[in-house]
Amino acid sequence: MRNKRSTMTSGLFGGRNKCVQRMVLMALMTAISLTIFVVESLIPPVVPIVGVKLGLANMVTLFILLNGGWRPALAVLFARLVLSTIFVGQMMSFIFSLCGGLLAFAAMALLTRLMGGRPVWFISACGAVFHNIGQMVAAVAFLTPVVLAYLPYLLIAGCISGTLTGWLVDLFMKKMEPSGALSTVHTVLEGGHS
C-alpha cells in the first residue's frame, strides 16, 4: 500500500504528469485569487473614494508572473476576471476589471522583463497605477469624463496599495524559497513553455 501511494505521489509531483501538474497548480492559483477577490469585495471600503481597493487578488497574478512567466499569469488573471464577474459582479464591472487588469498586467510583464523581476514592490505599484488608469479609460468611455476628477486620488491609492501588495508577494516568495517550493512552482509553470 505504501509503495502504491508513493508511486502515485511521485507520478503527480515527480514530473511524470507535467501537464496535469501545471493544470492543477493553475486551478489552485485561480481559486486562491478568486477567493481573495470575493473576500475583499465583502470588506467595507477603507477610504471613502469610489474604486479604491487594496487589490489583494492581484498578488496571485504578480506571483505567477514572477515565477511562471506571462502565459500562466495571464490565463489565471483572465479566469479570475470571468469567474469574479459570475460570482460577484455585473457586465460593467467585468469591462472595468478587464481594462484595468490587462493594462496592469502589460505594465507588470514589461517591467518584470526589463528589470528582472526586482524590485517586486515597484513592479506591483506600477501595476496598481496602470490598473487604475485602465479603469479610468473604461469609465470615460462608458460613463462620463467627470470621473477623471478621481484620477489623482486613485493614482496615490494605487501607489500605496501596489507597494503593500508587492511587499507581501516578495515576503511570501522569500518564505517559500528555503523549502524549495518556489523552485517547484517555477518548474511546473515554466514547464509548459520550454
Report summary line: Hits for the chain under the membrane-span-like helix rule (DSSP H, Cα axial span at least 18 Å, Kyte-Doolittle mean at least -1.0) are 18-42, 70-87, 91-115, 120-142, 151-176
Query raised in the report: If packing is taken as the mean number of other Cβ atoms within 10 Å per residue, what is the order of 178-187, 94-103, highest first?
Result: 94-103, 178-187
**Report entry** Tensor-based shape of the range 56-147 (alpha-carbon gyration tensor, a/c under 1.5 rounded, otherwise prolate or oblate)
**Finding:** oblate
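Can you give the FRET efficiency for SER183 and PHE78, using 1/(1 + (r/R0)^6), R0 = 25 Å, r = Cβ-Cβ distance, to the nearest 0.05?
For R0 = 25 Å, the calculated efficiency reads 0.45.
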Query raised in the report: From a point 7 Å beyond the Cα of GLU190 in the direction of its Cβ, which residues of the range 84-125 have a backbone N at a distance under 18 Å?
Result: 109-120
Query raised in the report: When the accessible area of the range 69-141 is computed with all protein chains present and a 1.4 Å probe, what percentage of it is carbon and sulfur?
Result: 75
Report task. Please give the FRET efficiency for THR35 paired with PHE122, using the beta carbon to beta carbon distance and R0 = 35 Å, rounded to the nearest 0.05. Result -> 0.85
Query raised in the report: Simple spin-label model, 7 Å along Cα-to-Cβ: VAL140 to ASN17 in nm?
Result: 5.0
**Report entry** Packing-based ranking, highest mean first, of 117-130, 153-166, 26-39 given that Cβ atoms within 10 Å are counted
**Finding:** 117-130, 153-166, 26-39
Report summary line: Here the gain from full extension of ILE49 to GLN90, 0.36 nm per residue of separation minus their alpha-carbon distance, amounts to 12.8 nm
Report summary line: Classified through the alpha carbon gyration tensor (a ≥ b ≥ c as square roots of its eigenvalues; rounded if a/c is under 1.5, else prolate when a/b is larger than b/c, else oblate), the chain comes out prolate
Query raised in the report: Based on the Cα gyration tensor of the range 109-167, what are the three equivalent ellipsoid semi-axes, each the root of five times an eigenvalue, rounded to whole Å and given largest first?
Result: 25, 12, 6
Query raised in the report: Considering only protein heavy atoms, what per residue accessible area in square angstrom results for the range 47-88 with a 1.4 angstrom probe?
Result: 44
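The values are calculated or read from the model by the stated rules, or taken from the named source; none is laboratory data. All of these numbers come straight from a predicted model, not from anything done at the bench. As a convention, Cβ positions derive from the backbone with ideal geometry for all residues, glycine included, and neighbour counts pool all protein chains shown. Note: accessible area is taken over every heavy atom of the protein model, side chains too, but ligands, DNA and RNA are not part of it. Shrake-Rupley method; radii C 1.70, N 1.55, O 1.52, S 1.80 Å.
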